[in-house]
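A quick write-up on the structure given underneath.
Read the figures in this text as sums done on the coordinates, not as results from a lab. Predicted model, so just to flag it, every value in this text is computed and none were measured. Virtual Cβ from ideal backbone geometry, glycine too; neighbours counted across all protein chains shown.
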2 protein chains.
Amino acid sequence: MLPPTEQLFPSSVLRNFCVEVFRHFGVPPQDSETAADVLSLADLRGIDSHGVARLHTYFEMLTMKRINPTPTIRITREHKSVCTVDGDNGLGLVVGPMANEIAMDKATQFGSGWVSVCNTNHYGIASYYPLQALKRDMIGWSMTTSTKLVAPLWGAERMLGTNPISIAFPGLKNLPIVIDLATSAVAYGKIEIAKRKNQTVPKGWIVSQQGEMTTDPDDMINGGALLPLGSERELGGHKGYALAAMVDILSAVLSGANWGPFAPPFALRQEIPDRSVGKGIGHFFGAMEIEGFMDVNEFKKRIDDWIEVFRNTKPAKGTGGVLIPGDPEHNEESIRTKAGIPLLPAVIADLKDISKHTGIPFTV
Amino acid sequence: MLPPTEQLFPSSVLRNFCVEVFRHFGVPPQDSETAADVLSLADLRGIDSHGVARLHTYFEMLTMKRINPTPTIRITREHKSVCTVDGDNGLGLVVGPMANEIAMDKATQFGSGWVSVCNTNHYGIASYYPLQALKRDMIGWSMTTSTKLVAPLWGAERMLGTNPISIAFPGLKNLPIVIDLATSAVAYGKIEIAKRKNQTVPKGWIVSQQGEMTTDPDDMINGGALLPLGSERELGGHKGYALAAMVDILSAVLSGANWGPFAPPFALRQEIPDRSVGKGIGHFFGAMEIEGFMDVNEFKKRIDDWIEVFRNTKPAKGTGGVLIPGDPEHNEESIRTKAGIPLLPAVIADLKDISKHTGIPFTV
């Protein structure tokens, strides 16, 4: 059921509004379409935090000229299947898709392609990229750094972003397996929601600015940090930290971007790091041609079998049973494609504010 | 301090004993040396469960002719930087290093190399492989499937192995960052230790055969399962499950091996799956030439900087502060290289048993 405060908008209306907003700032037509596609896919798949709800931040960054609307994206170093790309401080929603295309083109030519990207900005949902690779019968990977929020295990300060990893595998009759996970225990949004509702959060999500486990969201918001996946030493918090470090190094150390705590902020209101160790934030993309390993249809049939066997796992008592990674998002996509995208009043107000400043009409 | 029951052995003595045991079963001289190197590195780095303590299992599998001592390891499908390798049911300690060499040779030729391996067996410690890649100024990855022990989130049966992921990054003045993590919350060995000591285990490690969280090790041992990294939904158990699934698919679905619950057992006493969906277990190796992305020395300096910044993270109250992935193993290696490898009486008894059956002397 739709909460009474939410309002439904056709996906195409929101997408077109995004296109016009990007064009307003001089983003070239094709790039504006691509950037709007990335945001639109997030809304369709139910990842509300990464869709049109973020348009106001992009709008602010473009208004303040903190992002280059017409970047010259180029390969700065290359050896056959691998390369480094400089995004020229463009929108991550434009640099990301282009770098991902480079990875896929390399995979066509060399069996696989691997691209580390510097001088870029927030690139939307991580799974957009492997989903593109599926269209070319490839296994795609994407990772990105982001503004610091996470403490390494046994640390008492924010040093890493929520650094997601995404990869997808195609089925023949089944929808693809789509893995898209932040390497933190939870998203920052969940801490904000708890604060707004005046609730505590579960043990294992956050630490205070002394690095102590706490359940009070304010302790995290006021100088504390999120915990990595695994939360504490006993449950494997060192593993989540190591995964976040892997994403950080592949995306930002290897490309020449700002790694770890030095990643520049996504939004204007966030603190600017006291040191620069490179250019912009970093992404990492990979693409592997399935045909290079196995007949594509045989692989897809094996994935179908995998999906069916795992779906039929004996369910744990009191649960609905095992899901396949990507199930919740596929489900949301089939509902929202028909019903539209539910937006909260605050998001609608943001879009109206953009409309007021740009003169682009926002109506349904 | 060494527990009074443990006895120290020079690493070279244990390594040479392993070489002779492999040779005894007809494993070619060079392959025997390689296999012994993999076990020896585990012992040196303090990963006791994967070193000479496992020799008795390899001994049994070779005695029963369940493993082929003289495999013809070959590429069955290939496109430049990617390929599939059939290990011909050889020792994973031989097939793994050879497939990893193929990945590195491809990286020299094409910038990167990616190898999915079927028809293989247990390959030792996952970090052996990326550590080899460091010698060639490459970033190496390794993953492998293993006998089922882990339940997917909301499942009540064992469906996945502890499926590790390893990757390493070289420093210039600093020892490398070495990431090597099982995608389960903990290793099975910890459940066995708790049982032996008649202790409970922390909530979040295991489920019973009804899929309910439990702290009694017997509930897991008698038909229950380990939980994936993240443990429960609230702390991100779906993420650990997704990572284990990724390893399973890249290693076993893509190569034509037995995936998920169908992975054949490592040891003779383990249950044989009721269905076969391919050949042996699966590994996945990757190697990327650092030079293809960035000047190698510049990268190593950036890694040094990363290590120093993260080591200087403000420490959490009551902890020793942040470690760099690989620190505990580097530390152990420097101690054990001089002092020797501590072995438990049960392990020494196993080695003496091998000595008795093979006639190879085991003495210090």
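Quick rundown of the values:
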{"item": "Kirkwood Rh and Cα Rg combined as Rg/Rh, the range A:186-226", "result": "0.90"}
{"item": "Sorted by Cβ density within 10 Å, fewest first, the residues A:THR144, B:THR214", "result": "B:THR214, A:THR144"}
{"item": "Descending principal axes extents, chain A, alpha-carbon based, whole Å", "result": "53, 53, 46"}
{"item": "Of B:TRP141, B:TRP114, B:TRP154, the one that fluctuates the most in a GNM where chain B has Cα springs shorter than 10 Å", "result": "B:TRP154"}
{"item": "Convex hull volume per residue in cubic angstrom - Cα atoms of the range B:140-212", "result": "117 Å³"}
{"item": "For chain B, built as a Gaussian network whose Cα springs stay under 10 Å, the top-fluctuating residue of B:LYS300, B:LYS190, B:LYS148", "result": "B:LYS190"}
{"item": "Estimated dipole of the range A:1-87 in Debye, rounded to 20 [Cβ of Lys and Arg +1, of Asp and Glu -1, Cα centre]", "result": "320 debye"}
{"item": "Rough spin-label spacing in nm, given labels placed 7 Å along Cα→Cβ, for A:LYS317 and B:GLN30", "result": "5.7 nm"}
{"item": "B:HIS283, A:HIS50 arranged by Cβ crowding within 10 Å, fewest neighbours leading", "result": "A:HIS50, B:HIS283"}
{"item": "Cα pair distances in the range A:77-221, grouped into 10 Å bins until the bin that holds the longest one, percent each", "result": "11, 32, 28, 20, 9, 0"}
{"item": "Per-residue Cβ neighbour rank within 10 angstrom, fewest leading, A:LEU235, A:LEU14, B:LEU323", "result": "B:LEU323, A:LEU14, A:LEU235"}
{"item": "Among A:ASN222, B:TRP141, A:TRP306 - extreme Cα towards positive end, dipole of the protein assembly as shown, charges at beta-carbon", "result": "A:ASN222"}
{"item": "Distance between modelled label sites at A:GLU212 and A:GLU298, nm, 7 Å Cα→Cβ extension", "result": "6.0 nm"}
{"item": "Cross-link pairs A:LYS80/B:LYS106; A:LYS239/B:LYS135; B:LYS80/B:LYS300; A:LYS135/A:LYS338; B:LYS135/B:LYS279; B:LYS239/B:LYS300 - those with Cα-Cα distance over 21 Å", "result": "A:LYS239/B:LYS135; B:LYS80/B:LYS300; A:LYS135/A:LYS338; B:LYS135/B:LYS279; B:LYS239/B:LYS300"}
{"item": "Full-stretch length increase - B:ALA349, B:LYS195 - with 0.36 nm per residue and alpha-carbon distance subtracted", "result": "53.3 nm"}
{"item": "Mean Cα-pair separation over length for chain A, i.e. relative contact order, pairs under 8 Å, 6 or more apart, %", "result": "21 percent"}
{"item": "Net charge of neighbours whose Cβ lies under 12 Å from the Cβ of A:ILE281, counting Lys and Arg as +1 and Asp and Glu as -1", "result": "+1"}
{"item": "Lys/Arg +1, Asp/Glu -1 at C-beta; the range A:280-364 dipole; positive extreme among A:MET294, A:GLY318, A:PHE284", "result": "A:GLY318"}
{"item": "Additional length obtainable on full extension of the chain from A:SER12 to A:HIS357, 0.36 nm per residue less Cα span", "result": "122.0 nm"}
{"item": "Label spacing, shortest first and in nm, from A:GLY320 to its equivalents in the remaining copies (7 angstrom along Cα→Cβ)", "result": "4.5"}
{"item": "Under the Karplus curve 6.51 cos²θ - 1.76 cosθ + 1.60, θ = phi - 60°, whole-Hz ³J(HN,Hα) for the range B:331-339, x wherever Gly or Pro sits", "result": "4, 4, 4, 5, 6, 6, 4, 8, 7"}
{"item": "Residue-averaged [θ]222 nm for chain A, counting only DSSP H segments that reach four residues, each worth -39500 (n - 2.57)", "result": "-11500 deg cm²/dmol"}
{"item": "Point-charge dipole on Cβ atoms (K/R +1, D/E -1) for chain A, about Cα centre, debye to 20", "result": "180 debye"}
{"item": "Antiparallel bridges, percent of DSSP beta bridges restricted to chain B (to nearest 5)", "result": "85 percent"}
{"item": "GNM top mover of B:VAL117, B:VAL82, B:VAL322 - chain B, alpha-carbon springs below 10 Å", "result": "B:VAL322"}
{"item": "3J(HN,Hα) from dihedral phi, the range A:267-278, Karplus parametrisation 6.51/-1.76/1.60, rounded to Hz, x for glycine, proline", "result": "10, 5, 7, 7, 4, 8, x, 7, 9, 10, 10, x"}
{"item": "Local electrostatic count at B:SER127 - Lys and Arg +1, Asp and Glu -1, tallied over other residues with Cβ under 9 Å", "result": "-1"}
{"item": "Electrostatic dipole magnitude of the range A:295-337 [Cβ: Lys, Arg +1; Asp, Glu -1; Cα centre; debye, to 20]", "result": "260 debye"}
{"item": "Volume per residue of the C-alpha convex hull in the range A:239-298, rounded to whole Å³", "result": "140 Å³"}
{"item": "Dipole of the range B:1-70 [Lys/Arg +1, Asp/Glu -1 at C-beta], most positive-end residue of B:LEU14, B:PRO29, B:LEU41", "result": "B:PRO29"}
{"item": "Diffusion constant of the protein assembly as shown at 37 °C, which comes from Stokes-Einstein with the Kirkwood Cα-pair radius and 0.692 mPa s, µm²/s", "result": "125 µm²/s"}
{"item": "Separation of the B:SER49 and A:LYS203 label points, Cα + 7 Å toward Cβ, nm", "result": "2.4 nm"}
{"item": "The range A:19-45-the range A:289-364 distance, computed between alpha-carbon centres (Å)", "result": "19 Å"}
{"item": "Pairwise Cα inverse-distance average, inverted: Kirkwood Rh of the range A:93-151 (Å)", "result": "12.1 Å"}
{"item": "Share of alpha-carbon pairs per 5 Å distance bin for the range A:133-172, given as whole %", "result": "6, 20, 18, 14, 11, 11, 9, 7, 3, 0"}
{"item": "Under 10 Å, Cβ to Cβ, from B:PRO217 - net charge with Lys/Arg +1 and Asp/Glu -1", "result": "0"}
